[in-house]
Amino acid sequence: MCGITGKINLSGKAVLPDDIEKMNEAIKHRGPDDGGIYISPKKNVGLGHRRLSIIDLSPLGHQPMRYLDRYWIVFNGEIYNFQEKRDLLEKDGYIFKSKTDTEVILALYDKYGKNCLEHLRGMFAFAIYDEKENTIFCARDRVGKKPFKYYLDDKVFIFASELKAILTQKDYEKKPDYVAIHHYLTLQYCPAPLTGFKDIKKLEPAHYLFIDLKTRKVEINRYWILDYTQKLNLSEAEWKIKIMEKLEESVRLRMISDVPLGVFLSGGVDSSAIVGLMSKISDRPVKTFSIGFKEQKYNELSYAKIIADKFKTDHREFIVEAKAIEILPMLIKQYEEPYADSSAIPTYYVSKLTREHVTVALNGDGGDENFAGYGSYRYFKITLFYDKFRYFHKWVVLPIAKILSENIKSDLTHKIYHFAKILSQEPSRRFTYFMSHFDSEMKKELYTDNMKKLTVGHDSFDMLPHKISEAKVVDPLDCAMCMDLSSYIPDGLMVKVDIASMAVALEGRSPLLDHEFIELACQIPSTLKLKGLNKKKYIFKKALEGFIPDEILNRPKMGFGIPLDIWLRSDLKKYTYDNLLSERAINRGIFKREEVKKILDTHTKTTINKCYQIWNLLVLELWFQEFFDQ
């Protein structure tokens, strides 16, 4: 796990070593163990690397790494099947100097070219410079676990694991991207390729970027897509065996490490399964780490303790309180893009606690998206039965729900109206509405005339359907899961884990997001994932019966969040009002002051919960303060 940087002057102008050093320094937290730079013989290509040593702790793992006196690579991530591929390559005559997965990538690229990506099982973002052909090949893993951000114009190509490294370069003029902000307000994150900074992009998951520096031709292509059409007709008993075998294999691969490792334990089904399998594989107690809250509504520590006791783990806990907000400015800087998932706070704290004891931590991310575990999937499925009444709903039910919400100010009538608005949407857009913080109507009321002009023609509710346009998917519930795996996972969940963990130099690994495990999950009929309307994650829980306690399998889902609604009515109330209604916030020309105040007052003076909208606005304002008010 590391940080990578690079700068290529397309005009042939020399790249200065100081340019790469500045970029490396900006992401030193990602790799505190070692650093290095490479400048090409022609001086127009510079590569940089910061190393967190995980595999082969010797100096032979130093990057940038050279191979066959031709290729240079900077690589962030882990290739879990590298030993298997190394053995095959050695039979073909390839020779290796180190025990690293990095060197195996270079040999695979020499043998297969761009098709080397088909042979990699893991999480990765890398760039390979070929001195002989004068080309640069960059790629990102299938699920988007590792970040790759870049700026490209006709003169320069700059890339890095984090865009804060790109901001050190004078070639880029820093400007906010209001279209990205527009989508962020709905999704709580900037959907790829957008970042919030004008002209800085994210390389999308399962894509590679290739530049021929001789011709300046740029090629960006997808190399892997989700396929839900190849369903297998298996019995439940057969599925249970397949699921557990593939998951155990995925966990075993992620336990390969030359440094201590542990696991995040929330007490939910997914992380409990990972802890159980790690305990089965390991010959020593697994180190587990959990986060809790004083507010019992949000506290899962008792469930985590059940799993820790059952599998006799070396267990540690941490309580997060409202004062955790003191770290918010630091997190805004670390996340660098507008990012409004409030669980970034406990994720940072559990990462910090974990890093005091281990260097690698597994987690349970991906179980809900693979097996329809969110309530939104159930509600989405319910709405499909309602489609035949859509026009009656649009002209009768929706107006009545709106009148109720305007005249009876309560959280219930507010939720009824929100659900009514969801039902009025086309199925392809409906799923986004379940997750949205700000819908189109709310943004229309909130935006200034200037912001409306800047975002005209950009519909946030078309973003997710567009994301799955290349996927092979027909079943509506599969479509919903595909949207999450294509957007929320890489741009939301993986961002949260990568930034929070790398801020403290901790590597995170996600067995449930192994691409072979995802491919298996895609072959399972959706009716076995959400059975009926109430049995979420049905076949996954069936597979875990007898292995994970029933009180964990049957417990209500809580989600990994913080008591935002409570904090914004108490400890954070003044802080929020002061920031969002300040002159500098209003003078940005994005939001109407009276509409922002209405949202704040609604939350603090009524029972209507507006915490997600407020948090979204607060994070955005603090992002502006961090990156544009300096």
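The values are calculated or read from the model by the stated rules, or taken from the named source; none is laboratory data. As the structure is a prediction and not an experimental result, all values here were calculated from the model. Quick reminder, even Gly has a Cβ in these numbers, built from the backbone with ideal geometry, and neighbours come from all protein chains shown. Surface areas here come from the heavy atoms of the whole protein model, side chains and all, with no ligands, DNA or RNA. Shrake-Rupley method; radii C 1.70, N 1.55, O 1.52, S 1.80 Å.
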K85 accessible area, 1.4 Å probe, all protein chains in place, Å² to nearest 10: 40 Å²
Full-stretch length increase - K573, E295 - with 0.36 nm per residue and alpha-carbon distance subtracted: 98.3 nm
With 5 Å bins from 0: P(r) over region 74-168, alpha-carbon pairs, percent: 2, 12, 23, 23, 18, 12, 6, 3, 1
Region 507-630: Rg to Rh, with Rh as the Kirkwood radius over Cα pairs: 1.16
Region 121-213 - convex hull of alpha carbons, volume per residue in Å³: 104 Å³
For region 245-396, convex hull of alpha carbons as volume per residue, Å³: 183 Å³
Those GluC sites (Glu not before Pro) in region 340-422 that DSSP places in a loop and that have at most 11 other beta carbons within 10 Å: E356
Amide hydrogen neighbours beyond the local backbone of R509, cut-off 5 Å, H modeled: A361, L362, N363
Solvent-accessible heavy-atom area per residue, rounded to whole Å², over region 161-263 at 1.4 Å: 43 Å²
Rounded accessible area of R390 (nearest 10 Å², 1.4 Å probe): 40 Å²
Distance (nanometres) between label positions extended 7 Å along Cα→Cβ at E470 and S11: 3.2 nm
Förster radius 56 Å - calculated FRET efficiency between E445 and D283 (Cβ-Cβ, nearest 0.05): 0.40
Length-normalised contact order for the chain - Cα pairs under 8 Å, 6+ apart - percent: 16 percent
Accessible surface, 1.4 Å probe, highest first, among residues K312, K155: K312, K155
Helical mean residue ellipticity (222 nm; -39500 (n - 2.57) per DSSP H run of 4+; nearest 500) of the chain: -11500 deg cm²/dmol
All lysines inside 21 Å of K310 as judged from Cα atoms, apart from same-chain residues fewer than 8 positions distant: K280, K287, K541, K542, K557
Gyration tensor verdict on region 1-134 (Cα atoms; rounded if a/c is under 1.5, prolate if a/b is larger than b/c, oblate otherwise): oblate
Carbon/sulfur fraction of accessible area - region 25-140, other protein chains in place, 1.4 Å, %: 47 percent
Cα-Cα over 24 Å, subset of K28/K97; K231/K467; K7/K114; K149/K610; K394/K535; K242/K537: K28/K97; K149/K610; K394/K535
Span from the region 191-224 Cα centroid across to the region 72-121 one, whole angstrom: 23 Å
DSSP-defined beta bridges in the chain - what % are antiparallel, rounded to 5: 75 percent
Over region 227-332: Rg over Rh, Cα atoms, Kirkwood Rh: 1.08
Under the Debye formula (equal points on every Cα, no solvent term), log10 I(q)/I(0) of region 216-286 at q = 0.14, 0.24 Å⁻¹: -0.67, -1.12
Of all DSSP beta bridges in region 208-332, antiparallel share, percent nearest 5: 35 percent
Long-range HN-HN contacts of N81 with modeled amide H, under 5 Å: R121
Reported label for calculated Cα Rg over 2.2 N^0.38 Å given (i) 1.12; (ii) 0.96; (iii) 1.05: (ii)
Within region 106-137, GluC sites (Glu not before Pro) in DSSP loop having at most 13 other beta-carbon neighbours inside 10 Å: E133
Where a label projected 7 Å from the Cα of Q230 along Cα→Cβ would reach, residues of region 445-476 with amide N under 18 Å: 470-475
